């Protein structure tokens, strides 16, 4: 069975443990490999939200269906971690000579990157990433489009 590392709680578990939850009523379904019709009486929604069985955070579909290489950037407060990751991702997306598909896997990641790019490239003040109350991981996909498939 395939293993998965949750980007929120950093715990490893089998992908068949992922919870499928109906966004209409919040009911979770029995273990399944794909979204199924909600079993709650009178709902009939599609249990399509994937959630970590340990921390309950919503997991993007691509994070479950592709190889994940989690990594972190560690440094002292105000040492430039936010600037580094923001500029690195921006340059990979805009100016790389390698043909890459790069994208955020959830709204929070996209909003965070857009706000940081706006602050760096338009407003230009120094970023203070350490003031964030809740640390939310950025979840990206990067795919090399130049690599030939066999």
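Between residue 3 and residue 92, the distance separating the two model label sites (each 7 Å from Cα on the Cα→Cβ line) works out to 2.3 nm.
So what's Rg/Rh here for the chain, counting alpha carbon atoms and using the Kirkwood radius for Rh? Answer for the chain: 1.03.
Per residue, the Cα convex hull of region 3-65 amounts to 69 Å³.
Using 0.36 nm per residue and subtracting the Cα-Cα separation, the extra length available between residue 83 and residue 62 on full extension is 5.0 nm. Helix 107-117 versus the longest principal axis of the chain: what is the Cα-based angle in degrees, 0 to 90, to the nearest 10? Long axis of 107-117 versus the principal axis of the chain: about 10 degrees. On the beta carbon distance between residue 11 and residue 111, with R0 = 30 Å, the FRET formula returns roughly 0.75.
In whole percent, what relative contact order does the chain give with Cα contacts below 8 Å and a gap of six or more residues?
Computed value for the chain: 18 percent relative contact order.
Since every read-out is calculated from the coordinates, none of them should be taken as a lab result. Bear in mind the structure is a predicted one, so any value in this text is a computation, not a measurement. Virtual Cβ from ideal backbone geometry, glycine too; neighbours counted across all protein chains shown.
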